[in-house]
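Just below is one structure, and these are the notes that go with it.
Here, each number is a calculation from the coordinates, and none is a lab measurement. In this text, all values refer to a predicted model and were calculated from it rather than measured experimentally. Cβ placement follows ideal geometry from the backbone for every residue including glycine, while neighbour counts extend to all protein chains displayed.
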């Protein structure tokens, strides 16, 4: 089973206010490092967490390796301490 993603349409539809990702991109050699923030206020249960009406903010970091113009590896981290 694939865990839910912050980019899923269901996640975006489940927030009362826009859930935004503001990427910051660094390129070093064959790697791209992307830092983003996702924020929103759930309108109901989200990822199994009960609805509280509180907003949240989650920071994400992706480290991607690119070889010959193709993405060959991705590492992904989410700081869920601000999650619902």
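Where does each of 24, 78 land when they are ranked from fewest to most other beta-carbon atoms within 10 angstrom?
With the fewest neighbours first, 24, 78 line up as 24, 78.
Kindly put 76, 68 in sequence by how many other C-beta atoms sit within 10 Å of each C-beta, fewest to most.
Least crowded to most crowded, the residues run 68, 76.
May I have the pair-distance distribution P(r) for the range 20-78, computed from all Cα-Cα distances with 5 Å bins from 0 and rounded to whole percent?
4, 16, 20, 17, 14, 11, 8, 6, 3, 0
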